[in-house]
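These notes are about the structure you will find just below.
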Amino acid sequence: MKLHHQIFLAMVLGGIAGALTEESTRLFGLPLLPGYDLIGDLFINALKMVVVPLITTAIISGMVNVGDGDDLGRLGLKTVVFYLSTSLIAVLVGLVVVNLIAPGVIDGQPARNLLGLSADTDRALASIEGRGAGDFTEILRQLLPPNLFQAAAETQMLGLIVFSLFFGFFLRTLSGAPGEHLRQTVEGIYQVTMRITMVIIRFAPLGVFGLIAATVTRTGLDAVEPLALFFVTVLLALGIHMFGVMPLLIRLFAKRSPVRHLQAMAPALMTAFSSASSAATLPLSMECVQKRSGVSKRTSSFVLPLGATVNMDGTALYECVAAIFIAQAYGMDLSLTTQFVIVLTALLTSIGVASIPAASLVAITVILGTIGLPAEAIGLILVTDRLLDMCRTAVNVWGDSVGAVILARSEGEEDVLRTPMKELETERA
């Protein structure tokens, strides 16, 4: 049984178990609710455990593998600027949509009671009491922490992310045996950490079961309404970015038909949706971009692998919407400063999120910790995470391919999206 099937089954079983369970219910003389909480807490703690090594090594590894020589010149600069710009646009789209719909507010009241958050609400609100525009200077201080280990212990990830970007950039310039050994060490730590993360994600069905069962036990099925609204909010924001913003960029900067490119990328997008993994889709993405969209191997072989590592439009958008939804549910009055922190952290962490299914859960715990929310609140969105993960992965892959088309046109490639799809299908037959 595939992972998303397991998670769906866990959601169903967790809901049934929670609906049939009262807080005083016992099994073999032991209370069930603390058991549900223990399972959910172990899953959340495991995610928190890999936050620092996964994010830092992923960013360093991505910077080291950007390319050599001319790749860091004109094309490299344009690629980085394009990816950062589209990710920022995606985050802002999510920010606007989630503020307009406000899925965390039901009938004018925060949804904390419907979602079983009342126990942690006071602590979460106290953590941001008195925050305002003056905190902007504190955000800047966090960008360069005096003690990296203290910043990691306090979940101040902004400083660690900035340090990782600098470390990776200068590590790739270090020549000789020391540089090669250190690069191999960082890559090895990254690969091991990613494997640990995948093992943790394999236990996601158990964690989902515990979190859902505990929530439904405390609140009943009233949590369905705000979660459904959150689901619709994310889908709407992803749809605006994928079918509105990105086609407009193709039309404006590549002077080509976005519909033609969508047809060319259909196999890769379906694979991305079903696998929920940008890394797994990368070989097919390169084939579609080269053979169906007409982008040169030179451009696609640089732009797409880099995009699979650092360009996560859908993930960045989702992280922003999820964090603000949870904050709304807690009844927080989100100041411009707090929302700026969410936007900045979502943008930076999306760079370091491994291109594997559900790895964005790790990044969301970073954002929650940055704005003073308990990491346990991530349990609210696990119910809808798998399907939304599939959707945002498709947006990620689409964003990479759009970047390849636009950057190829900026490099003077005239054959991009010129050959009609019927001729391509005839050639392939």
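General remarks:
- The range 83-92, subset in contact (Cβ under 8 Å) with a residue 60 or more places away in the chain and open to solvent by 50 Å² or more (accessible area, probe 1.4 Å), residue farthest from PHE340 (Cα to Cα): LEU84
- Cβ-Cβ distances below 6 Å connect no pair with a first residue in the range 93-114 that is in a loop (DSSP other than H, G, I, E, B), a second residue that is open to solvent by 60 Å² or more (accessible area, probe 1.4 Å) and among the basic types (Lys, Arg), and a separation of six or more residues or different chains.
- For the range 171-190, the tally of residues that are more than 19 Å from the chain's Cα centre (by Cα) and surrounded by 12 or more Cβ atoms within 10 Å (Cβ to Cβ) stands at 10.
- Within the range 158-170, considering residues that are closer than 11 Å to SER61 by Cα and crowded, with 16+ Cβ neighbours inside 10 Å, the one modelled with the highest pLDDT: PHE167
- Any hit, the range 316-330, residues being of a type in the set (D, E, K, R), modelled with pLDDT of 90 or more and either more than 16 Å from the chain's Cα centre (by Cα) or surrounded by 20 or more Cβ atoms within 10 Å (Cβ to Cβ) (or both): no
For every residue, the table says whether it meets (1) at pLDDT 90 or above; (2) out of contact with any strand residue (DSSP E or B) (no Cβ under 7 Å at 6 or more places or on another chain); (3) farther than 30 Å from ASP37 by Cα; (4) basic (Lys, Arg).
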| position | (1), (2), (3), (4) |
| --- | --- |
| THR197 | no, yes, no, no |
| ARG218 | no, yes, no, yes |
| PRO247 | yes, yes, yes, no |
| ALA254 | yes, yes, yes, no |
| MET265 | yes, yes, yes, no |
| ALA268 | no, yes, yes, no |
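The values are calculated or read from the model by the stated rules, or taken from the named source; none is laboratory data. A quick note: this is a predicted structure, and the numbers were derived from the prediction, not measured. Quick reminder, even Gly has a Cβ in these numbers, built from the backbone with ideal geometry, and neighbours come from all protein chains shown. Just so you know, the surface numbers come from the protein's heavy atoms only, side chains and all, with ligands and any DNA or RNA stripped out. Shrake-Rupley method; radii C 1.70, N 1.55, O 1.52, S 1.80 Å.
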